[in-house]
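The values are calculated or read from the model by the stated rules, or taken from the named source; none is laboratory data. What you see is a predicted model; the values in this text were computed from it and never measured. Here the Cβ positions follow ideal geometry from the backbone for every residue, glycine too, while neighbour counts run over all protein chains shown. The protein model used for the area step is the full one, side chains on, heavy atoms only, and it has no ligands, DNA or RNA in it. Shrake-Rupley method; radii C 1.70, N 1.55, O 1.52, S 1.80 Å.
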Amino acid sequence: EDQVTQSPEALRLQEGESSSLNCSYTVSGLRGLFWYRQDPGKGPEFLFTLYSAGEEKEKERLKATLTKKESFLHITAPKPEDSATYLCAVRRNYGQNFVFGPGTRLSVLP
Amino acid sequence: KAGVTQTPRYLIKTRGQQVTLSCSPISGHRSVSWYQQTPGQGLQFLFEYFSETQRNKGNFPGRFSGRQFSNSRSEMNVSTLELGDSALYLCASSWSSGAQETQYFGPGTRLLVL
């Protein structure tokens, strides 16, 4: 059974204090690993899709990396507006459902 | 390009009633998935439709059903509502080209069952 875990559950950072969020997964034949950002009361906002080990993608202060067992979302010099819950999900094959992790709740203090 | 839209945004129902939620995917997206999100269980997959056919179904009782129309718009229905059905229901549309895939979510429908 496909499984996704995320750590830490919650993270508090000072503005400018860089850190990483972890997404560990168990899936046979990964098609894609997806990262989302979700603000309270809103739908998840798509950030990245990673497809193979060694792949990296960047967007503003965010950088996502992928290994065969986990993915990291690195946040460089975060700002208060980066505060949100970050979700990762895996999809085994096209036509198989997405499996989401529980999320990491990030708070960036000014 | 317009994003994924969901209607209604908020809904209050009582136990035993039924409810229908609607989702319009991004133009050109043929796959629509539905999810239930609660504080205790997180995001849980309900079902996925592709070209009017249900392609995948999560572990939810038969009270939860859905369908997709020829224009890719989708509806989900929950019959005989229970208090535990109170949740944020999210619709997402997917696009894929070869090995590339993205999935975009709508704003959700907040359902409260009293």
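Things to note:
- The single residue among A:Leu11, A:Leu87 that is modelled with pLDDT of 95 or more, more than 21 Å from B:Phe45 (Cα to Cα), of a type in the set (A, V, I, L, M) and assigned to a strand (DSSP E or B) turns out to be A:Leu11.
- No other residue among A:Gly41, A:Gly16 is of a type in the set (Gly, Ala, Ser) and within 14 Å of chain B (Cβ to nearest Cβ) apart from A:Gly41.
- Candidate set: segment A:69-90, residues that are under 26 Å from A:Glu15 (Cβ atoms) and among the aliphatic types (A, V, I, L, M); chosen: the one farthest from the other protein chains (Cβ to nearest Cβ): A:Ala77
- Screening A:Leu47, A:Leu87, A:Leu30 for residues that are in contact (Cβ under 8 Å) with a residue 60 or more places away in the chain, aliphatic (A, V, I, L, M) and closer than 28 Å to B:Arg110 by Cβ leaves exactly one candidate, A:Leu87.
- Pairs where the first residue, in segment B:99-114, is more than 7 Å from chain A (Cβ to nearest Cβ) and the second is open to solvent by 80 Å² or more (accessible area, probe 1.4 Å) and part of a strand (DSSP E or B), C-beta under 7 Å, 6+ apart: B:Arg110/B:Tyr10; B:Leu112/B:Ile12; B:Leu114/B:Ile12
- When A:Gly95, A:Gly16 are screened for being more than 15 Å from the chain's Cα centre (by Cα) and modelled with pLDDT under 95, only A:Gly95 passes.
- Qualifying residue in segment A:91-107 (condition: more than 9 Å from chain B (Cβ to nearest Cβ), among the basic types (Lys, Arg) and either in a strand (DSSP E or B) or open to solvent by 40 Å² or more (accessible area, probe 1.4 Å) (or both)): yes
- Screening segment A:22-83 for strands (runs of 3 or more DSSP E) wholly inside it with 2 or more residues that are surrounded by fewer than 15 Cβ atoms within 10 Å (Cβ to Cβ) returns the ranges A:56-59.
- Residue list for segment B:1-15, restricted to those being in a loop (DSSP other than H, G, I, E, B) and either closer than 17 Å to B:Ser74 by Cβ or among the hydroxyl-bearing types (Ser, Thr, Tyr) (or both): B:Ala2, B:Gly3, B:Val4, B:Pro8, B:Arg9, B:Thr14
Every residue, every condition in (1) modelled with pLDDT of 95 or more; (2) open to solvent by 20 Å² or more (accessible area, probe 1.4 Å), yes or no:
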site	(1), (2)
B:Thr20	yes, yes
B:Ser31	no, no
B:Gln36	yes, no
B:Phe47	no, no
B:Gln54	no, yes
B:Lys57	no, yes
B:Ser74	yes, no
B:Asn77	yes, yes
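- Of the set (1) open to solvent by less than 10 Å² (accessible area, probe 1.4 Å); (2) away from chain A (no Cβ under 11 Å), all apply to B:Ala92 but (2).
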